[in-house]
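Take a look at the structure below.
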Amino acid sequence: MVNFYMQIKAKANEEQLKKKNSEKKISVKKQYWFEKHINSNKEKNFLEKQINPVLSRLLSSRNVEANNFEDYMNPKIKNILPDPFILHDMEIATNKIVEIIKEKKKIGIFGDYDVDGSTSTALLSKYLREAGVEFEFYIPDRIKEGYGPNEDAFAKLVDSDCELIITLDCGTTALKEIDFTNKKGVDVIVIDHHKQGKELPKAFAIVNPNKQSDNSNLVNLCAAGVTFFLLVSLNRELKKINFFQDGEPNLIFYLDLVALGTVCDLVKIDRLNRAFIKQGLRILNHSPNLGVSSILKESKIDSEVTDYHLGFIIGPRINAGGRVGKSSLGAELLLCNENKIANVMALRLGEFNNLRKKIEKAVEIKAIGMVHDNDQIICVNSKNWHPGVIGIVASRLVEKFNRPSIVISEDEKLCKASCRSVLNFDIGDLIVKAVGEGLLLNGGGHKMAGGFTILKENIEQFKDFLSDKYKKGASEILKEYDYVLRITNLNICLYDEVAKLSPFGPGNVKPRFLIKNCNLSFIKVVGNNHHSLLIEDSYGNKTRGIVFNSVNQDIGNFLDSFSGESVDLITILRKNEWNNETSVQLQIEDIISS
């Protein structure tokens, strides 16, 4: 009898699933959208606290508890920052650096060329400079030297009388290079956050929350975050020996650079990272770093600085130096104390960024044409692709296809690759496994991004590895929106309520809203690559909409041939400031036939 009822229940569930599937409508971007599940009891608790209904829904879907509302909205670093010694090897590293400082010896810094590496380098350099410690930093050329330490660079630091080398945002997989330095009689301390391989280098200390022996549970820190922990630890230990005669460095004013590195490295925005970013933005808006101010001036930004500006205005310009210009320029600018020099540096980075965009677009168009529908992991390769832009192109592929993406720049022998991922797929782990199987010469990364070097002759074998390890077959892309809105709901007050959830990024994506039964008109291309349009709902309410990077994409092609049918829109709220007026604009992410 029990089996009979179980069969009936299973049949009913099957019918429900069939009905749900029959109601599914695929979007222009070939995605299926569903309303995000929420805990109704949590939502009720927020509503009882007189929280805005939309914000209550958004908080509930992010598993925030009503009694933690204030802490979530305004996290205090002093309340949540753990003791730095919770990180494995932090005490050993700190004591060694204090010893070097006491003995007035020179410290060498080897930093990565991306934003996380540049901010980490600037953080440690700024601290040592304020503490009166002699130091020298080295950032490798992305094209000529590639990612991570190399023997020539270490030799230069040793030859310039550095008696300790600290690597930032790299070093966890640098076995040979650290052995080389050990033989020179110089110790190396690794400050990193990337996945480890089967074996760790014989460094004096390795501070990395993602190494296997670390139990700190701080795996979401970027290198700038780990570096900040190091500075907190150093400050405490140096104070114990009364090192500071004229006052210690105020680490609060270092958080702007921690925020910049955290946003740009695409790490998960957990409670601590959220606090870093929010406090860092307060610093940027009141006592900004001169280099950052120069970039904002060059970019003609005079509004309040947000996480958007960190990720899409400031970060790309710092990265541009490493991609198509001078790798160390970003770190040099962040450390600059002279207005005129800072303005010149910012101008150069702006020029490099414009050049980067042109190169990137050409590579992106070709890469998109090489993608196969049944590849669970996208892997494309070609010669003459500039190694400095392949990371951005990989990001573009993720945006378009919602799949982990690997872009390889071929050379005669050694080829360089950049990888970007989606939530719930650890690309750093994939790289470590491929290195372990001898398919890659070297590489590293974290959950959302990474890179590696591969012999040209091994590329096809690597693709076979991807096929064998990760099943092929076109799978449905299921996406979630947060809330159904009407155009009449749109106002600046609603935007401000939603903005309270920022900073946005992995682990806290921007809320998506569904606008039903819309008609689109006055569709036109703006800025060569975007679409502008007028949106009208079935009640006659109207608002403006924008679709970014849409030209020659699925959504842009749909708009170019739009025939007037009613559609549903997946949107993000965007503040639009024009002629001293502020309004809310809909940024369209996807379109579904009604």
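Pro503 falls short on exactly one of the conditions (1) of a type outside the set (Gly, Ala, Ser); (2) touching a His at 6+ places or on another chain (Cβ under 7 Å); (3) assigned to a loop (DSSP other than H, G, I, E, B), and that condition is (2). Screening segment 407-419 for residues that are in contact (Cβ under 8 Å) with a residue 40 or more places away in the chain and closer than 25 Å to Asn374 by Cβ and picking the one that is surrounded by the fewest Cβ atoms within 10 Å (Cβ to Cβ) gives Glu410. The residues of segment 524-541 that are in a strand (DSSP E or B) and either in contact with an Asp or Glu (Cβ under 6 Å, 6 or more places away or on another chain) or closer than 24 Å to Ala362 by Cβ (or both), listed by number, are Val525, Val526, His530, His531. Looking only at residues in segment 542-564 that are touching a Leu at 6+ places or on another chain (Cβ under 9 Å) and assigned to a loop (DSSP other than H, G, I, E, B), the one that is surrounded by the fewest Cβ atoms within 10 Å (Cβ to Cβ) is Gly564.
Out of curiosity, is Asp265 out of contact with any strand residue (DSSP E or B) (no Cβ under 9 Å at 6 or more places or on another chain), under 17 Å from Gly280 (Cα atoms) and of a type in the set (D, E, K, R)? Answer is no for this residue.
Within segment 524-541, being without any contact (Cβ under 8 Å) to a residue 24 or more places away in the chain and small (Gly, Ala, Ser) holds for Gly527, Ser532, Gly540.
Yes/no matrix, rows are residues, columns are (1) out of contact with any Phe, Trp or Tyr (no Cβ under 7 Å at 6 or more places or on another chain); (2) not assigned by TED's automatic domain parsing to the domain that holds Ile206; (3) not polar (S, T, N, Q):
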{"position": "Arg57", "(1), (2), (3)": "no, yes, yes"}
{"position": "Asn68", "(1), (2), (3)": "yes, yes, no"}
{"position": "Met73", "(1), (2), (3)": "yes, yes, yes"}
{"position": "Lys76", "(1), (2), (3)": "yes, yes, yes"}
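Just one of the numbered conditions (1) closer than 16 Å to Ile97 by Cα; (2) surrounded by fewer than 24 Cβ atoms within 10 Å (Cβ to Cβ) is not true of Ile191: (2). Which one of these does Pro140 not meet: (1) surrounded by fewer than 20 Cβ atoms within 10 Å (Cβ to Cβ); (2) modelled with pLDDT of 95 or more; (3) under 29 Å from the mean Cα position of the chain (by Cα)? The failed condition is (1).
With respect to the conditions (1) under 28 Å from Gln461 (Cβ atoms); (2) outside the structural domain of Lys447 (by TED's automatic domain parsing), Arg323 falls short on a single one, namely (1). All of (1) basic (Lys, Arg); (2) modelled with pLDDT under 95; (3) under 26 Å from Leu334 (Cβ atoms) hold for Lys156 with one exception: (2). Among residues of segment 5-46 being aromatic (Phe, Trp, Tyr) and modelled with pLDDT of 90 or more, the one that is farthest from Glu65 (Cα to Cα) is Tyr32. Looking at segment 499-541 only, could you name the residues that are among the hydroxyl-bearing types (Ser, Thr, Tyr) and either closer than 30 Å to Thr262 by Cα or buried (at least 18 other Cβ atoms within 10 Å of the Cβ) (or both)? If the condition is that a residue be among the hydroxyl-bearing types (Ser, Thr, Tyr) and either closer than 30 Å to Thr262 by Cα or buried (at least 18 other Cβ atoms within 10 Å of the Cβ) (or both), then Ser502 is the only one that fits. Being farther than 26 Å from Val398 by Cα, assigned to a strand (DSSP E or B), in contact (Cβ under 8 Å) with a residue 24 or more places away in the chain and in contact with a strand residue (DSSP E or B) (Cβ under 7 Å, 6 or more places away or on another chain) is true for just one of Ser583, Ser521. Which residue is that? Answer to the selection: Ser583.
When every residue of segment 74-86 is checked against the conditions, none turns out to be surrounded by fewer than 18 Cβ atoms within 10 Å (Cβ to Cβ), in contact (Cβ under 8 Å) with a residue 12 or more places away in the chain and more than 30 Å from Ile191 (Cβ to Cβ).
Conditions tested, residue by residue: (1) of a type in the set (Asp, Glu); (2) assigned to a helix (DSSP H, G or I); (3) touching a Gly at 6+ places or on another chain (Cβ under 7 Å).
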{"site": "Ala93", "(1), (2), (3)": "no, yes, no"}
{"site": "Ile109", "(1), (2), (3)": "no, no, no"}
{"site": "Leu128", "(1), (2), (3)": "no, yes, no"}
{"site": "Gly146", "(1), (2), (3)": "no, no, no"}
{"site": "Pro149", "(1), (2), (3)": "no, no, yes"}
{"site": "Val158", "(1), (2), (3)": "no, yes, no"}
{"site": "Thr181", "(1), (2), (3)": "no, yes, no"}
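Go through the residues of segment 429-437 one by one and say whether even a single one is touching a Cys at 6+ places or on another chain (Cβ under 8 Å) and in contact (Cβ under 8 Å) with a residue 60 or more places away in the chain. Yes; the residues of segment 429-437 include at least one that is touching a Cys at 6+ places or on another chain (Cβ under 8 Å) and in contact (Cβ under 8 Å) with a residue 60 or more places away in the chain.
When you scan segment 143-161, how many residues do you find that are out of contact with any helix residue (DSSP H, G or I) (no Cβ under 9 Å at 6 or more places or on another chain) and surrounded by 19 or more Cβ atoms within 10 Å (Cβ to Cβ)? Adding up the residues that qualify gives 1. Got at least one residue in segment 447-462 being within 22 Å of Val219 (Cα to Cα) and surrounded by fewer than 18 Cβ atoms within 10 Å (Cβ to Cβ)? There is no residue in segment 447-462 that is within 22 Å of Val219 (Cα to Cα) and surrounded by fewer than 18 Cβ atoms within 10 Å (Cβ to Cβ).
The values are calculated or read from the model by the stated rules, or taken from the named source; none is laboratory data. Every value quoted in this text rests on a predicted model; they were computed, and no experiment measured them. For neighbour counting, all protein chains shown are included, and Cβ atoms are generated from backbone atoms with ideal geometry for every residue, glycine included.
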